[in-house]
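Asks: Sharing a structure here in structure tokens format.
The values are calculated or read from the model by the stated rules, or taken from the named source; none is laboratory data. This one's a predicted model, so the numbers in the text were calculated from it and none came from an experiment. We place every Cβ from the backbone using ideal geometry, glycine too, and count neighbours over all the protein chains shown. Heads up: the accessible areas ignore ligands, DNA and RNA and are worked out on the full protein's heavy atoms, side chains in. Shrake-Rupley method; radii C 1.70, N 1.55, O 1.52, S 1.80 Å.
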Amino acid sequence: MPTYKWTIKDIQAEDGRITSAKYHVIAEADDLSVETEGNWFFDSPASVLFDQVTEEMVIGWIEGLSMRDGKCVIKSRLDEQLQALASRKAVIAPWLPQVFTPDL
């Protein structure tokens, strides 16, 4: 099961209400990790007092608003990338010495 580390890198506000946030997410599973970042624009900024907003609140808003069919689409895409990495098969680059290794 992957773990996710969210960070809010930047926010924009208008009239004391957050209108957008730049996020960064790292997903890790076993020895693999993938990451993404993006900007989330809030159609209806929360009415929480600006000086009382926490990073965890903004992360929660983004996760909640990015739900489709009961899943956070940001996490789902990261999960897909982790699965692709886990199932990839290493190959030797064409410019390196080619060594035959039987696949037992």
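Asks: Taking the Cα centre of the chain as the origin, how large is its charge dipole in debye, to the nearest 20, when only Lys and Arg (+1) and Asp and Glu (-1) carry charge on their Cβ atoms?
Replies: On the way: 10 positive and 17 negative charges, 68 e Å.
In total the dipole reaches around 320 debye.
Asks: On a straight-distance basis, which lysines could pair with Lys22 in a cross-link, Cα separation under 16 angstrom, same-chain partners fewer than 8 positions away excluded?
Replies: Leaving aside lysines fewer than 8 places away in the same chain, those within reach of Lys22 are Lys5, Lys9, Lys75.
Asks: When the chain is fully extended, how far beyond the present Cα-Cα distance does Arg17 get from Ala84, taking 0.36 nm per residue of separation? Working shown, then result.
Replies: On the way: separation 67, 0.36 × 67 = 24.12 nm, distance 3.88 nm.
Here the answer is 20.2 nm.
Asks: Still on this model: Taking the chain as the reference, fit the longest principal axis to its C-alpha atoms, fit the long axis of helix 73-87 to the helix C-alpha atoms, and give the angle between the two in degrees, 0 to 90, nearest 10.
Replies: Roughly 10 degrees between the two axes.
Asks: Give the cross-link partners of Lys71 among the aspartates and glutamates, using a straight C-alpha distance below 17 Å as the criterion and excluding same-chain residues fewer than 8 apart.
Replies: Leaving aside aspartates and glutamates fewer than 8 places away in the same chain, those within reach of Lys71 are Glu63, Asp79, Glu80.
Asks: For Leu65 paired with Val99, estimate the spin-label separation in nm (one decimal), with each label point 7 Å from Cα along the Cα-to-Cβ line.
Replies: Each label point is offset 7 Å from its Cα along the Cβ direction, giving 5.2 nm.
Asks: Still on this model: Return the carbon/sulfur percentage of the accessible area of segment 18-84, one whole number, probe 1.4 Å, all protein chains in place.
Replies: Roughly 47 percent, rounded to a whole number.
Asks: Quick one: helix 55-65 against the long Cα principal axis of the chain, what's the angle to the nearest 10°, folded into 0 to 90?
Replies: Between the helix axis and the principal axis of the chain, the angle is about 80 degrees.
Asks: Also: Can you bin the chain into rounded, prolate or oblate? Criterion: square roots of the alpha carbon gyration tensor eigenvalues sorted a ≥ b ≥ c, rounded for a/c under 1.5, prolate for a/b above b/c, oblate for the rest.
Replies: On the way: a/c = 3.74, a/b = 2.88, b/c = 1.30.
Prolate shape, in that a/c is at least 1.5 and a/b is the bigger ratio.
Asks: What distance in nm lies between label points placed 7 Å from Cα along the C-beta direction at Ile26 and Tyr4?
Replies: That separation, rounded to one decimal, is 1.6 nm.
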